[in-house]
Amino acid sequence: MIRHRPLGSGHPYSVDTEQRWPLDPVAGEPLRLGVRATPDVEAVEAEVEVVDAAGGRRVERHPLARVASTSRGQTVDGGHLASAQARLARSSGGWATGFPAPEAGSAIRYRLAGRTAGGEEQHTRWFDATVSDWRDAPDEVVATSGASRVVPGSVRILTDGARVRRVRFALPLAPGEHVTGFGERYDRLDHRGTELDAVVFEQYKSQGAERKTYLPMPFAHVVGGDGWGLHIRTSRRTWFDVGATDADRLAVEVEADAARGEPAVDVAFFDGEPRAVLDAFLDEAGRPEELPDWVFRLWASGNEWNTQAEVMRQMDLHREHDVPVGSIVIEAWSDERTFTAFRDAEYEVAEDGAPHRLADFTFPADGAWPDPKGMVDELHDRGIRVHLWQIPLLKARPHPTGQARADALAAAREGVLIREPDARGGLRPYRNRGWWFPLSTMPDLTDERAARWWTEKRRYLLEEVGIDGFKTDGGEHAWGRELAYLDGTRGDEGNNRYPVAYAKAYGDLLRSAGKAPVTFSRAGFTGSQAHGAFWAGDEDSTWEAFRWSMFAGLSAAASGILYWGWDLAGFSGPLPSAELYLRAAAASTFVPIMQYHSEFNHHRTPSRDRTPWNIAEQTGDDRIVPVFRAFAHLRERLVPYLAAEAAESVRTSAPLMRPVYFDHPSLETAWSHPLQWFLGRDLFVSPVVEEGETAHAVALPPGEWVDAWTGEIAGDAEITADVPIERIPVFVRAAAWPRLRGVFASHG
């Protein structure tokens, strides 16, 4: 058996063995065709028919050679499930050939044939492609609003003569200009001299090293000089060469699908300093809305808090250690088949896929969750909000039974799923191609009817159990440009928009139940600004990951994400050291969302929970609980300030967690000391992000500042601050010191 998938899995950073590459052949450039084959296949050949633009026809035959097999990027990314590693280790039969693509405008028709040792011939079906080439194009191919900065004569298009597939153009960069933004980015603040792209992707850990992100945006600030910004008005993939190839050019490449001769890309240019640029961008992308004050209190979670007894034990420990907590996220609550029913609950299957109500469930006394509503009521009495974990998938492994099976059948019957082409030219439900929950189907949450069908199943959790919000995890599962959304949109246009629609769908459900739209997402794109809160995704407990997370928060803020946090000190792998944990806790006190979380560790000992008492027990450092407690109480006192400043941010578009260049775009220390920020109008934060640091260099911005811990006046200068483990360099604007003095007076 041989298999060829011309468009592959859609993995944005890896070419699968059995696909065509590039997807759109380019004249004169190498064209690769590959297959997977069972072990009995001993030879494979490609039969290629070429019809050139003049109508001439020729047939070429190209033998395939054995190659190492890859699939879904696993040799690049590995995946984060043990099964992904097991699949990678399997021997597989990969075959590939490469040859120059014929002249532009040629139509290619090809199939691949395999021969077994016994002489049996096997063929794929025929596949078609059209050859494109890069051509100069009029500047009008790039439609612009605002003062256009497109370099005249720089526009080129990739076209087969009829359709434009990609567009390239250049923008000028002046000496001293810095380029920042691009959504949530983990490796740096200023991207000048680098290359990056904008496509939603689940990079499990090491985001800063891999330069991949859950939350990209084709939006950037150019800071310095006159000051300006740009937004590529597209949800398709974009690429940026930010002066890496040509130091005075920002080169842009954009996927497109337009008739030749028509505008293929739309770009908005904004003039002014960063605040004005962001304000103009938010007019297009959508603006954040104020969330309740309680989102600024400590969030706590752990994947091993997977029973009611354990949840209450952990909340009792917070109370026992006098660590105030405002929200708990319960991840391992559901049967993880439906993501709607508590594990061990007994109920009748709704064969039509209709929503359940609380009265439909019986909760066994010896089950994992004997009384979910009673638990939520008690947590509310303690002032703790409750959020449940979600994934936008209908699981296929293990083979669904019970309600999961009924829901899967109903979803297909109701026509609420994302689809993909089948071999007969029709459409079938799309199956998740990633490593996490493989082969699951996906509700099309970009469609209002489908989103209601999906979210109504969760209504009882809000209206009867009393849940306050949802952790909307895993919005990155839509791969492939050929996917078919219900509105007729293809995957190349719809996939990046999916996580935006995902958070919106849950926010709409919350509003309809009389709740604030508090969602907690890691994936997003342009438009995510208007939908809930975000965290930086999955990371190990390392100093490097700590720094990456701080860059992520600042770049997300610069792109209009208001409510942002991260798993302080990381959630995965070995526990953080006492020093890393407390430095991260200190920094987290001064970002919009303060929260900790830990990965599932199969209940092995020692525990890898990121609670302060577990870190203290495992490290033997008795400073951890009292120092963490002091920061948690400080955070409680900061809530009124944070809520007021969030409202100001919504009003003015100035980020709550604000990079220094927003207020001082010409200040060089904004770039030489990038991991510092304003928190609202009156606080300036310079966290310790290097191991072993006892004296910390702070570059204070212009103005008169007061050291929050000593009350001493510190002007606008570069200073060295003593940083004992219980302190983070924080400065208060002198005019606000009388009002904020009490927030810091009780620390420690």
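If the label point is 7 Å along Cα→Cβ of Met312, which residues in the stretch 374-398 have backbone nitrogen under 15 Å from it?
374-382
What is the sum of charges, Lys and Arg at +1 and Asp and Glu at -1, for the other residues whose Cβ falls under 15 Å from the Cβ of Gly680?
Working: positive: Arg275, Arg635, Arg637, Arg651, Arg658, Arg681, Arg733, Arg739; negative: Glu290, Asp293, Glu645, Glu648, Asp663, Asp682.
Once all neighbours under 15 Å are counted, the net charge is +2.
If you take every residue apart from Asp366 with its C-beta less than 13 Å away from the C-beta of Asp366, what net charge results, scoring Lys and Arg +1 and Asp and Glu -1? Could you put the intermediate results ahead of the total?
Values: positive: Arg343; negative: Asp344, Glu346, Asp371.
Every neighbour counted, the sum reads -2.
With labels modelled as points extended 7 Å from the Cα through the Cβ direction, what inter-label distance (nm, one decimal) is found for Ser512 paired with Ala423?
Distance between the two pseudo-spin positions: 4.0 nm.
What nm value, rounded to one decimal, do you get for the distance between Tyr13 and Thr605 when each label is placed 7 Å out toward the C-beta?
Here the modelled spin labels are 3.9 nm apart.
Pulled fully out, how much extra length does the chain show between Thr38 and Glu120, if you take 0.36 nm times their separation in residues and subtract their Cα-Cα distance? All intermediate terms of the calculation are to be shown ahead of the outcome.
Values: separation 82, 0.36 × 82 = 29.52 nm, distance 1.28 nm.
Extra length available between Thr38 and Glu120 comes to 28.2 nm.
Once every DSSP H run of n ≥ 4 in the chain is given -39500 (n - 2.57) and the sum is divided by its residues, what mean residue ellipticity at 222 nm do you get, rounded to the nearest 500 deg cm²/dmol? Present the calculation step by step, with values, prior to reporting the outcome.
On the way: 17 runs with 172 residues, N = 748.
After summing the helix terms and dividing by the residues of the chain, the value is -7000 deg cm²/dmol.
How high is the FRET efficiency from Glu47 to Glu195, r the C-beta distance, R0 41 Å, rounded to 0.05?
On the way: r = 38 Å, r/R0 = 0.92.
Efficiency, from the Cβ-Cβ distance: 0.65.
Taking the Cα centroid of the stretch 416-447 and of the stretch 115-129, what is the distance between the two, rounded to the nearest whole Å?
Spelled out, the Cα-based centre of one part sits 27 Å from the other.
Please give the net charge around Glu464, taking every other residue with its beta carbon less than 15 angstrom from that of Glu464, where Lys and Arg add +1 and Asp and Glu add -1.
Its environment carries a net charge of 0.
If you rank His531, His321, His356 by fewest surrounding Cβ atoms within 10 Å, what's the result?
Values: His531 26, His321 16, His356 22.
Final ranking by Cβ density, sparse to dense: His321, His356, His531.
Place a label point 7 angstrom from the Cα of Ala147 along the Cα-to-Cβ direction, then list the residues of the stretch 177-214 whose backbone nitrogen is under 13 Å away.
Output list for this probe position: empty.
Could you compute how fast the chain diffuses translationally, taking Rh as the Kirkwood radius over C-alpha pairs and applying Stokes-Einstein at 10 °C with viscosity 1.306 mPa s? Give it in µm² per second.
Working: Rh = 27.6 Å.
D, rounded to a whole number, is 58 µm²/s.
Could you list Glu262, Glu18 so that the one with the fewest beta carbons within 10 Å of its beta carbon is first and the one with the most is last?
Working: Glu262 11, Glu18 26.
Lowest to highest Cβ neighbour count: Glu262, Glu18.
Distance in nm between label sites at Ala717 and Leu358, each 7 Å beyond Cα in the beta-carbon direction?
6.2
How high is the FRET efficiency from His399 to Glu378, r the C-beta distance, R0 41 Å, rounded to 0.05?
Details: r = 37 Å, r/R0 = 0.91.
The computed FRET efficiency comes out at 0.65.
What percent does the relative contact order of the chain come to when contacts are Cα pairs within less than 8 Å and at least six residues apart? Each step should come with its number before you reach the end.
Values: 1785 pairs, mean separation 79.5, N = 748.
Taking the mean separation of contacting Cα pairs over the length of the chain, I get 11 percent.
Could you put Ser572, Ser301, Ser528, Ser145 in order, starting from the residue whose Cβ has the fewest other Cβ atoms within 10 Å?
Ser145, Ser572, Ser301, Ser528
Computed from the coordinates by the stated procedures, all read-outs in this text should not be read as laboratory data. These numbers come from a predicted model, not from an experiment. Note that each Cβ is placed from the backbone with ideal geometry, even for glycine, and that neighbours are counted across all protein chains shown.
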